[in-house]
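Right, one structure below, let's go through it.
The values are calculated or read from the model by the stated rules, or taken from the named source; none is laboratory data. Keep in mind that what you see is a predicted model, and the values were worked out from it rather than measured. Heads up, the Cβs are rebuilt from the backbone with ideal geometry, glycines too, and the neighbour counts pull from every protein chain shown. What goes into the accessible areas is simple: the full protein's heavy atoms, side chains included, and nothing from ligands, DNA or RNA. Shrake-Rupley method; radii C 1.70, N 1.55, O 1.52, S 1.80 Å.
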Amino acid sequence: ETGPPLPEDSGLRLAVYRIVQEALTNVLRYAATSTAIDVHVNRTYQDVVIVVDNDAAPGSAISAGSGKGLIGMRERAAVYDGTIDAGPTATGWRVRATLCWMKE
């Protein structure tokens, strides 16, 4: 974690929590043999960026999910003018969420 505390907006705090929770749940469901998981929450006074990376185990196959978890994350982020990017990396999978609560 880096940056100042999140605003006292309970909806925003819940959205951050649920996005991290869903990303970690997806790792358990679709990459249970993952060798490492990193969660980064970087806050500023305008936004919060959440990055969840997991490394795939050597020789593991990519498992397709239903997409419902990503839809839910996108809906939560959209409430705060945010975005979700998710996809494979050179070593595994990444979910990156940006939620904005303050216009510059």
>> Test of understanding: among 65, 59, 3, which residue is modelled with pLDDT of 95 or more, surrounded by fewer than 14 Cβ atoms within 10 Å (Cβ to Cβ), more than 16 Å from residue 96 (Cα to Cα) and not aromatic (Phe, Trp, Tyr)?
In response: 3
>> Step by step: first the residues of region 30-45, then only those that are open to solvent by 70 Å² or more (accessible area, probe 1.4 Å) and in a loop (DSSP other than H, G, I, E, B), then the one that is modelled with the lowest pLDDT. Which residue is that?
In response: 32
>> Of the residues 16, 20, 27, 51, only one is closer than 13 Å to residue 93 by Cβ, open to solvent by less than 60 Å² (accessible area, probe 1.4 Å), modelled with pLDDT of 95 or more and not in a loop (DSSP other than H, G, I, E, B); which?
In response: 51
